[in-house]
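Report on one structure; see the data block that follows.
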Amino acid sequence: MDFLKNSKGFLPVTPEDMKEQGIEQLDFVYVIGDAYVDHPSFGHAIISRTLQAHGYTVGIISQPDWKRDDSITLLGRPRLGFLVSAGNMDSCVNHYSVSKKRRSADAYTPGGETGKRPDHATAVYGNLIRRTYKDVPIIVGGIEASLRRMAHYDYWTDSFKRSVLLDSQADLISYGMGEKSIVEIADALAGGIAVSDITFISGTVYRTKDLSGVYDAIELPSYEDMKGDKSLYAKSFAIQNENTDFCNGKTLVEGYPNGIYVVQNPPQPPLTAEEMDDVYALPYMRTYHPSYEEKGGVPAIAEIRFSLISNRGCFGGCSFCALTFHQGRTVQTRSHESILREAELLTKDPDFKGYIHDVGGPTANFRHPSCQKQMTHGVCKNRQCLFPSPCKNLHVDHSDYLELLRKLRTLPGVKKVFVRSGIRFDYMLADKDDTFFRELVEHHISGQLKVAPEHISDAVLCRMGKPENAVYERFTAKYKKLNAQMGKNQFLVPYLMSSHPGSTLKEAIELAEYLRDLGYMPEQVQDFYPTPSTLSTVMYYTGLDPRDMKPVYVCRNPHEKAMQRSLIQYRNPKNYELVHEALTKAGRTDLIGFDKNCLIRPRKTVQNRPGERFGKDTDKGKNRDHFEKGEKHFRQETNGKKNKNPQSKSVSRQGTPQKKKTIRNIHKKKAK
């Protein structure tokens, strides 16, 4: 095993590593669904290095064979317990597209290979451990466990599942980011406290049959009641969503059969800037384990290798995003000094070409809590900071982020600093000082800026928790104006979502018409994906909006979902039949024709073949003449118009790809 020669500095992954590092028995064995990547963008790296910094030894078992019980015994019995994480993504999101088709690659596995982790990995790994080690504490964490900590809807099995704490046979869930809670759990176990008695740590979930020691708690509807009445789940989630803050969040209790209760303690406090700096200053190797070299490494490292995390948490409050439930609404940031030190490390990497790919987090331009009272009174339970419009108490200021970007630009060896994390354009517009907007356009865009309006129908945007379309229109106008002033030709790439709860074919067609007028066809469209524990997923499952308990239209039929998605890409010839069907079904056949406002042209009844009548009309050639006149009219209407989106392929409205204008084609035309 040649890789052992190069594995110095990594945590032990084999008994040989343990021996070399002088470890007879590990304090914790960490079972993970991802490849072992010792980089602070990977949750298992942060948790394991944090424990190491507090004096605990941790070994890594990456992607064990869940079909073999002995795969979990590789590093022996840990002194304090097993830690379990499915990985940086929910294992089912990792495996399947929204249409439930298997993905062809796994970026978190060596060589991009698929099939190296099970579905519902947290539960599978937990049961694998429990079969072998009956009495060793099991603590589950990571995004999968965090978002499944209470009863939840599971899209992939189309079922209402119990808390993953029960399904995994674990003792505790460390939810959220977990740096503080995992150290408290370790200290309690090391101090001789039985895992069943560790019921007092913020940011944890435990099970009990005795509620006598639970104070000031909110009892949620029981699992069985919610399973029988979806509206109770909507009400339960509304309560959970209001209790994600460390200041004002309450203890939540969820009942199960046989007198079992799952108890969620309030979230752990957010990290201070100093604490966050300490986390990112830990001795990460900043790459994947060398044992993966023979398979070409771990693809996911390419995306984050030359990027910098500056914050966590988000007060944006999008309904389809799980960040509120996982990281909370309180923004936490690293100091400039911490980020600059990491940037200097990047410049010393032999493969660094002078480009920092990103400086951000969940939302790049959030660098402080949304208002001053948030740190003492907590976030508001009954209103959002930006939706439906910015709160009057919202503290809008880009000066700190702007100063950070300026410092990074001046570092020796840095040619360009890009911002590729999400930008909240409504927050930018709320800033009366447009200096950041100007410098973003001038210095930090690599030809195109990706933003997320998600839709243009205000009815759908309301369900999404996004600002009205008029706000996005103001943003695009200002963006274009600044580009023109600076002599730049940089484009906006909007992220758009189809089939979100509240979107019918009517709203999908409105979006298609908007794109028609814009002259833009997106290359990628995200169909709404019902991932665990988001407001939108609860709408999808229950048909109710938990915020007001009003009914919401939900597109569940796969064929209708395909129609909504195809409408956004109506110019794609592969989508012609679906678009035609959608327009007909919605009573919008006015958009099928030769007028400049039409989305597609009428289909030809039969192929043009010599000597054959066109269509069923008995007047020979009548339909053909009508179609050809329409073709001529359409060409006159569109003659000379350029596609406003340089990335879109040139496609006729009938769905026939137009031949690209190349030197070879021009010469052929001249030769004729």
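Observations on the structure shown:
- Cut-off under 5 Å, modelled amide H: who pairs with LYS450 long-range: VAL493
- Descending semi-axes in whole angstrom, ellipsoid equivalent of the range 74-166, from the Cα gyration tensor: 24, 18, 10
- If R0 is taken as 25 Å, the Cβ-Cβ distance between LEU211 and LEU232 corresponds to a FRET efficiency of 0.80.
- Solvent-accessible surface ranking, highest first, for SER503, SER159 at 1.4 angstrom: SER159, SER503
- Each label point was placed 7 Å from the Cα along the Cα-to-Cβ direction; for THR157 and THR584 their separation is 4.0 nm.
- Counting only heavy atoms of the protein chains and using a 1.4 Å probe, PHE10 has close to 10 Å² of accessible surface.
- Contour excess over end-to-end distance, with Cα ends at ASN557 and SER399 and 0.36 nm allotted per residue: 52.2 nm
- Exceeding the 20 Å Cα-Cα cut-off - candidates LYS180/LYS373; LYS161/LYS561; LYS67/LYS134; LYS450/LYS478; LYS392/LYS450: LYS180/LYS373; LYS161/LYS561; LYS392/LYS450
- Extension reserve of the ASN258-LYS450 stretch, reckoned as 0.36 nm per residue once the Cα distance is removed: 64.1 nm
- Karplus-derived 3J(HN,Hα) values for the range 421-431, using 6.51 cos²θ - 1.76 cosθ + 1.60 with θ = phi - 60°, are 5, x, 10, 7, 5, 5, 5, 4, 5, 6, 7 Hz; glycine and proline are entered as x.
- For chymotrypsin sites (Phe, Trp or Tyr not before Pro), the sites in the range 157-223 that DSSP calls loop and that have at most 12 other Cβ atoms within 10 Å are PHE200, TYR215.
- Cα shape, the range 460-600, gyration tensor, a/c 1.5 rule: oblate
- Compactness relative to 2.2 N^0.38 Å, alpha carbon Rg of the range 248-399: 1.30
- Rounded FRET efficiency, nearest 0.05, which uses the C-beta distance separating GLU523 from LYS373 and R0 of 51 Å: 0.75
- At an R0 of 22 angstrom, the distance between the Cβ atoms of ALA53 and LEU74 translates into a FRET efficiency of 0.35.
- Each of GLN490 and SER196 was given a label point 7 Å from its Cα along the Cα-to-Cβ line. The distance between the two points is 6.0 nm.
- Backbone geometry of the range 102-107 corresponds, through the Karplus equation with coefficients 6.51, -1.76 and 1.60 at θ = phi - 60°, to 3J(HN,Hα) couplings of 4, 6, 8, 8, 10, 5 Hz, x marking Gly and Pro.
- Computed log₁₀ I(q)/I(0) - Debye formula, equal Cα scatterers, no solvent, the range 1-114, q 0.10, 0.12, 0.20 Å⁻¹: -0.32, -0.45, -1.15
- Largest-first principal axis extents, alpha carbons of the chain, Å: 92, 62, 55
- Candidates per trypsin sites (Lys or Arg not before Pro) in the range 116-207, loop by DSSP, up to 11 other Cβ within 10 Å: LYS134
- Think of the range 130-207 as a dipole: +1 on every Lys or Arg Cβ, -1 on every Asp or Glu Cβ, centred on the Cα centre; then among TYR155, THR204, ALA170, TYR155 lies furthest on the positive end.
- For the chain, CYS92, CYS247, CYS314, CYS371, CYS380, CYS385, CYS391, CYS462, CYS555, CYS598 have no disulfide-compatible partner, since no other Cys C-beta lies under 4.7 Å from theirs.
- Farthest towards the positive end of the charge dipole of the range 449-540, among the residues LEU449, ALA459, GLY502, is the Cα of LEU449, using unit charges on the Cβ of Lys, Arg, Asp and Glu.
- Gained length - ILE239 relative to TYR96, 0.36 nm times residue gap less alpha-carbon distance: 48.5 nm
- For the chain, the dipole from Cβ point charges (+1 on Lys and Arg, -1 on Asp and Glu) about the Cα centre works out to 4500 debye, to the nearest 20.
The values are calculated or read from the model by the stated rules, or taken from the named source; none is laboratory data. Predicted model only: the values in this text are computed from it and were never measured. So basically every Cβ, Gly included, is an ideal-geometry build from the backbone, and we count neighbours across all protein chains shown. Note: accessible area is taken over every heavy atom of the protein model, side chains too, but ligands, DNA and RNA are not part of it. Shrake-Rupley method; radii C 1.70, N 1.55, O 1.52, S 1.80 Å.
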